[in-house]
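Please treat every number below as a calculation from the coordinates, not as lab data. These numbers come from a predicted model, not from an experiment. No Cβ is skipped: glycine too gets one built from the backbone with ideal geometry, and neighbour counts run over all protein chains shown.
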């Protein structure tokens, strides 16, 4: 229904001829006549078509249901992965699902979250990351972790004992954010973290990939995932604002530009153009929809 409303005006519907008293071509605006289980909407939308055709649709969630939804509707997918192998598996699967929906796989961008701590040396970046983690409040983190797992009580867990997957409820029992709970449990299984370490890890990036290193190392990481079928790009989630966003912009971006992997200037004006995505198809692209002479259309 929402897509139909966004598509209820043709791109050339607005004339805005004030002298003639004509705002829009009536035959380039259509009712959608939606009748669903919960809403009946005649339409059209009370706004003209936006410059992007419709807003860029970004989906988050990696469950089977979420992947199917993304394959059918998403322009970009915000996802979380702790390892390149799982990112590659997700990437390949979602691209396949998009193709099965009759879409071009390159029109569904996979953008994992990345939280990089950047410094002149790897040792300094690691020290900064540890210092930031030490500033987190573990009891606030414990409550947030409980929320991730549908209100599960973690109050009995000591902060400094290594965790095990058995300390967490089965992800299949969590109705919301199931894929994020699986990421957390896999992280515990892989790194044998204590609760204190886990809460510090989650405080900044909320389950997305966390790393620390020099600008070259961060650029190498991005290039590796991009060139090896794990990502089309990244959602950068700086662990400190504005300092680490400034560091990424000033020190990592130029490296990617020199390697020919990041723009040096904007060629468009919309997010859709920046992402290299085409305008969505419109019903008005059908040759059956033709504009009538302006004088045949009543003014608005």
For the pair residue 139 and residue 257, the simple spin-label estimate (label points 7 Å beyond Cα toward Cβ) gives in nm 4.8
Taking a crude spin-label model, label points 7 Å out from Cα along the C-beta direction, the residue 46 to residue 281 distance in nm is 3.2
Checking 51, 171, 116 against a Gaussian network model of the chain (alpha-carbon springs below 10 Å), the top fluctuating residue turns out to be 51
Full extension between residue 173 and residue 131 adds, at 0.36 nm per residue less the Cα distance, a length in nm of 11.6 nm
Taking r as the C-beta separation of residue 19 and residue 267 and R0 as 35 Å, the FRET efficiency to the nearest 0.05 is 0.50
A correct fewest-to-most ranking of 75, 224 by other Cβ atoms within 10 Å would be 224, 75
Taking R0 as 45 Å and r as the Cβ-Cβ distance between residue 101 and residue 160, the FRET efficiency 1/(1 + (r/R0)^6), rounded to the nearest 0.05, comes to 0.40
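Rounded, prolate or oblate for the stretch 58-273? Axes are the square roots of the Cα gyration tensor eigenvalues, ordered a ≥ b ≥ c, and the cut-off for rounded is a/c under 1.5. Can you show the working numbers first?
Values: a/c = 2.17, a/b = 1.17, b/c = 1.84.
The shape class here is oblate.
Which whole-number percentage describes the relative contact order of the stretch 58-273, with Cα contacts under 8 Å and a sequence gap of 6 or more? The partial results should precede the final answer.
Details: 301 pairs, mean separation 62.2, N = 216.
It rounds to 29 percent for the stretch 58-273.
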Connecting every pair of Cα atoms under 10 Å apart in the chain and solving the GNM, the largest mean-square fluctuation among 192, 95, 33 falls on 33
Taking a ≥ b ≥ c as the square roots of the eigenvalues of the Cα gyration tensor, with a/c under 1.5 meaning rounded and otherwise prolate when a/b exceeds b/c and oblate if not, the stretch 44-121 is oblate
A student applying the Cα gyration tensor rule (rounded when a/c is under 1.5; otherwise prolate if a/b is larger than b/c, oblate if not) would label the stretch 1-73 oblate
In nm, the gap between the two label points placed 7 Å beyond Cα toward Cβ at residue 211 and residue 241 is 2.3
In a Gaussian network model of the chain with springs linking alpha carbons closer than 10 Å, the residue among 259, 35, 54 that fluctuates most is 35
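Among DSSP beta bridges lying fully in the chain, give the percent that are antiparallel, nearest 5.
Details: 6 of 20 bridges.
That works out to approximately 30 percent antiparallel.
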Mean separation of Cα contacts under 8 Å (at least 6 apart) over the residue count of the stretch 58-180, i.e. the relative contact order in percent, is 23
Most exposed to least, judged by fewest other Cβ atoms within 10 Å, 40, 73, 81 sort to 40, 73, 81
Measuring from the longest principal axis of the C-alpha atoms of the chain, the long axis of helix 178-191 (C-alpha) lies at a number of degrees, nearest 10, equal to 30
Here FRET efficiency (C-beta to C-beta, residue 186 to residue 31, R₀ 45 Å, nearest 0.05) is 0.40
Fewest to most Cβ atoms within 10 Å: 272, 103 sort as 103, 272
